[in-house]
Number of protein chains: 2
Amino acid sequence: MTFGALSDRTRRVLACLVKDYIDSGEPVASATLSRRPGLGVSSATIRNVLAQLEDMGYVSQPHTSAGRVPTDLGYRYYVDMLLETRRASRDISTVEARMREQAGDAPLFDQLLSSASHVLFEVSHHVGFAIAPSDMHAIFQRIEFVPLSASRVLVVMVARGNHVSQKVIELNEDIAPSALTQAANYLNAEFAGLSLDEVRQAVLARLEEQRTLYDELRAVALTLARTTLEGIQSPTAVFIDGASSLADDAEDANGVSMSTLRTLLRMVEEKQRLVRLLDAYLDGPGVAVVIGAEHPDPQLHACSLVVAAYRDGARRGAVGIIGPTRMHYSRAISVVDGAAVAVARFLRDQN
Amino acid sequence: MTFGALSDRTRRVLACLVKDYIDSGEPVASATLSRRPGLGVSSATIRNVLAQLEDMGYVSQPHTSAGRVPTDLGYRYYVDMLLETRRASRDISTVEARMREQAGDAPLFDQLLSSASHVLFEVSHHVGFAIAPSDMHAIFQRIEFVPLSASRVLVVMVARGNHVSQKVIELNEDIAPSALTQAANYLNAEFAGLSLDEVRQAVLARLEEQRTLYDELRAVALTLARTTLEGIQSPTAVFIDGASSLADDAEDANGVSMSTLRTLLRMVEEKQRLVRLLDAYLDGPGVAVVIGAEHPDPQLHACSLVVAAYRDGARRGAVGIIGPTRMHYSRAISVVDGAAVAVARFLRDQN
DNA sequence: GCTGGCAGTCTCCACACACGACTGCTAAAC
DNA sequence: GTTTAGCAGTCGTGTGTGGAGACTGCCAGC
């Protein structure tokens with residue numbers, strides 16, 4: 001899309017109106033805009049322009065005797081302008097510095113994402129989130145088995161990027177601690193450097209061969225590995241921070257009603273809903289912005305989402321923020337963009 | 001405290017009023033109470049009793065022509081009655097069954113507490129929380145070192161109760177993977193079964209001896225152990241679930257204003273505030289209830305807290321719920337009591 | 001000591017009214 | 001043709017009034 005459809009002046013008026021409204025939260029009157037430097041025309045002229053913009057669906061009036069408010073389409077136009085003109089430059093340094101302050105130089109994977117979500121909240125004053133890539137593409141580094149009882153084992157698996165996961169597994173028959181150590185050694189020597197998905201496939205393949213051969217040690221090791229990898233991929237790790245900002249949004253009633261607040265708080269709890277919501281936006285490069293009614297879920301029509309994907313080798317995760325449609329987009333975009341780059345850098349430095 | 005100060009009938013009226021108010025949320029009129037079975041007196045008599053109760057500070061009127069509402073003192077009297085007469089019987093089975101459903105038979109420690117907080121939320125429809133005991137008294141079970149780079153090591157420490165913790169540590173000088181394995185073996189053989197606090201002391205003591213002796217392996221192992229244990233105790237693990245219920249509480253304006261909501265959401269984020277809040281109530285046996293203005297923090301005057309400590313050997317943690325002062329106390333008490341017992345049982349079964 | 005009845009009080013709701021904030025339109029000026 | 005000033009019109013907000021309804025407090029009688 002190009003800006004051709006609107007005249008230069010019309011575009012400036014729209015941009016001015018959106019900015020004013022984002023700052024003030026009040027419907028913007030034609031007289032207010034005419035006093036703005038840059039638009040050297042009278043309020044009557046502005047009124048004509050606004051009438052046009054209203055016809056085209058970019059702004060609307062809450063009631064006849066009120067100023068104009070941007071519609072979702074108006075925000076969309078404004079945001080596209082920001083994105084195309086790169087006026088919202090990416091802000092890596094602030095985010096990276098604050099993350100380092102929080103999580104240190106060599107954070108665990110979970111700490112890294114948790115601090116990313118926290119910093120996004122702190123800087124934007126909206127709900128910040130960070131989503132881990134699917135575990136199946138993580139690079140297997142090491143596994144350890146800790147005997148808990150005769151038939152119960154604690155598995156600790158380490159993947160590249162300081163990514164540690166744990167699981168308790170129940171065995172059909174008792175197993176000696178020494179056998180566990182041997183099993184771990186075998187698996188570590190054999191599979192280090194493969195993705196978890198590849199490990200899973202290799203394990204299944206070898207178990208198939210194993211039926212005919214007879215090697216007690218290997219059989220135990222492979223069975224343990226299979227059980228461990230069984231439930232790994234299911235819930236994607238999600239980190240969210242700043243739910244308290246929702247109360248602020250609801251208070252000055254930015255169109256964020258109590259029911260929207262509830263929906264968002266629920267989403268903060270059932271984090272997997274957020275993952276599903278984001279799936280559609282993870283592919284594109286750079287920052288994606290989803291505004292109000294563009295959301296498939298009607299409950300979210302009062303909210304906007306600013307999200308950017310980050311890469312970790314072949315894997316993709318995402319960071320972003322959720323706030324009211326009336327949000328400071330240029331700042332949000334630069335911060336989210338910066339956070340995505342910062343997270344990717346941290347991960348690169350670890351490997 | 002005994003109930004002597006109030007006549008039998010007066011007490012029954014108060015209990016009835018509190019129950020009615022908890023159910024309806026509306027100020028209770030004398031006529032409503034007189035229709036209640038059990039209190040076979042006319043509304044005029046009830047009015048006399050209510051006037052007395054008001055003088056004593058157990059109930060109040062929002063305005064002259066309204067019914068009565070219990071004060072915090074009224075709730076306190078009612079709750080003490082519940083606690084003394086054991087009318088709120090402990091409900092272990094519901095909680096335990098739901099926790100088992102959620103977390104399985106052998107949950108990791110974190111999963112156990114997380115599911116406890118979730119179940120408390122589900123059954124009470126208020127914010128549920130679970131707080132881990134201080135890590136320093138956990139029983140050391142096993143340590144593993146995973147080399148990340150020449151001078152960077154991932155430490156995985158397992159304590160009794162499926163309690164896994166991780167940490168990345170930075171070394172002053174490079175170290176060989178084989179040395180790490182030996183160090184882990186040494187520490188595991190030497191210290192298993194001690195509390196982390198005891199381990200820390202033993203490590204420091206041996207490092208002191210070590211200065212004169214000369215044993216490369218031990219020196220490395222002990223230094224690693226010291227670094228690992230340095231930052232362990234600081235933040236107490238806290239699990240909270242059900243923040244979305246706060247929106248419900250605020251919606252039907254149970255005296256839970258937007259600012260209270262914000263305070264609670266903040267507390268859900270800065271979990272350590274909750275820990276500090278609870279410190280005072282962890283000592284007593286059974287369930288503790290803190291009602292409205294009994295809270296030191298004025299922001300919490302619209303909230304009540306129901307909390308019970310659980311034991312894990314010598315360690316103490318806590319579970320509980322937070323809701324509006326108008327809460328279904330008898331149910332809350334039995335559920336929280338049950339959850340504390342259930343958590344303790346899970347932990348006993350693991351050891 | 002309990003009860004019925006009654007006057008008094010206060011909230012809540014509906015309606016009316018005036019004020020103020022903008023707009024849309026029109027006619028004149030550039 | 002475009003821009004501007006001016007003015008009439010519209011609608012939300014704040015205020016005030018009145019009546020209905022809900023309870024209470026008090027008093028006199030049982």
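The values are calculated or read from the model by the stated rules, or taken from the named source; none is laboratory data. These numbers were taken from a predicted model, which means no experiment stands behind them. Cβ: placed from backbone, ideal geometry, glycine included. Neighbour counts: every protein chain shown.
Yes or no: region A:238-255 includes at least one residue that is of a type outside the set (F, W, Y), without any contact (Cβ under 8 Å) to a residue 12 or more places away in the chain, more than 30 Å from A:V199 (Cβ to Cβ) and buried (at least 20 other Cβ atoms within 10 Å of the Cβ). Yes, because at least one residue in region A:238-255 is of a type outside the set (F, W, Y), without any contact (Cβ under 8 Å) to a residue 12 or more places away in the chain, more than 30 Å from A:V199 (Cβ to Cβ) and buried (at least 20 other Cβ atoms within 10 Å of the Cβ). Among all residues of region B:64-71, there is at least one that is in a loop (DSSP other than H, G, I, E, B), within 16 Å of DNA strand D (Cβ to nearest atom), within 21 Å of B:Y329 (Cα to Cα) and modelled with pLDDT of 95 or more.
So is B:A103 within 16 Å of DNA strand C (Cβ to nearest atom) and at pLDDT below 95 or not? Spelling it out, it is not the case that B:A103 is within 16 Å of DNA strand C (Cβ to nearest atom) and at pLDDT below 95. In region A:98-120 there is no residue matching the filter, namely being in a loop (DSSP other than H, G, I, E, B) and over 30 Å from the mean Cα position of the chain (by Cα). Does region B:270-299 hold any residues that are buried (at least 16 other Cβ atoms within 10 Å of the Cβ) and under 15 Å from the mean Cα position of the chain (by Cα), and which are they? Those that are buried (at least 16 other Cβ atoms within 10 Å of the Cβ) and under 15 Å from the mean Cα position of the chain (by Cα): B:K271, B:L274, B:V275, B:L277, B:L278, B:Y281, B:L282, B:V287, B:A288, B:V289, B:V290. How many residues are touching a Leu at 6+ places or on another chain (Cβ under 6 Å) and either among the basic types (K, R) or over 17 Å from A:T325 (Cα atoms) (or both) if we restrict to region A:268-297? Looking only at that region, the number is 0. A single member of B:I46, B:I92 is away from DNA strand D (no atom under 16 Å from the Cβ) and β-branched (V, I, T), and it is B:I92. Across region A:22-56, the qualifying residues are those that are more than 10 Å from DNA strand C (Cβ to nearest atom) and loosely packed, with under 12 Cβ neighbours inside 10 Å, and the one among them that is farthest from A:I291 (Cα to Cα) is A:G40. Looking across B:L300, B:L347, one residue alone is within 14 Å of another protein chain (Cβ to nearest Cβ) and not basic (K, R). It is B:L347. Are any of the residues in region A:207-229 in contact with a Ser or Thr (Cβ under 6 Å, 6 or more places away or on another chain), at pLDDT below 90 and away from chain B (no Cβ under 14 Å)? Checking region A:207-229: not a single residue is in contact with a Ser or Thr (Cβ under 6 Å, 6 or more places away or on another chain), at pLDDT below 90 and away from chain B (no Cβ under 14 Å). Whether a residue is under 23 Å from B:V290 (Cα atoms) and either within 14 Å of chain A (Cβ to nearest Cβ) or in contact with a Gly (Cβ under 9 Å, 6 or more places away or on another chain) (or both) was assessed, and B:I92 passes this test.
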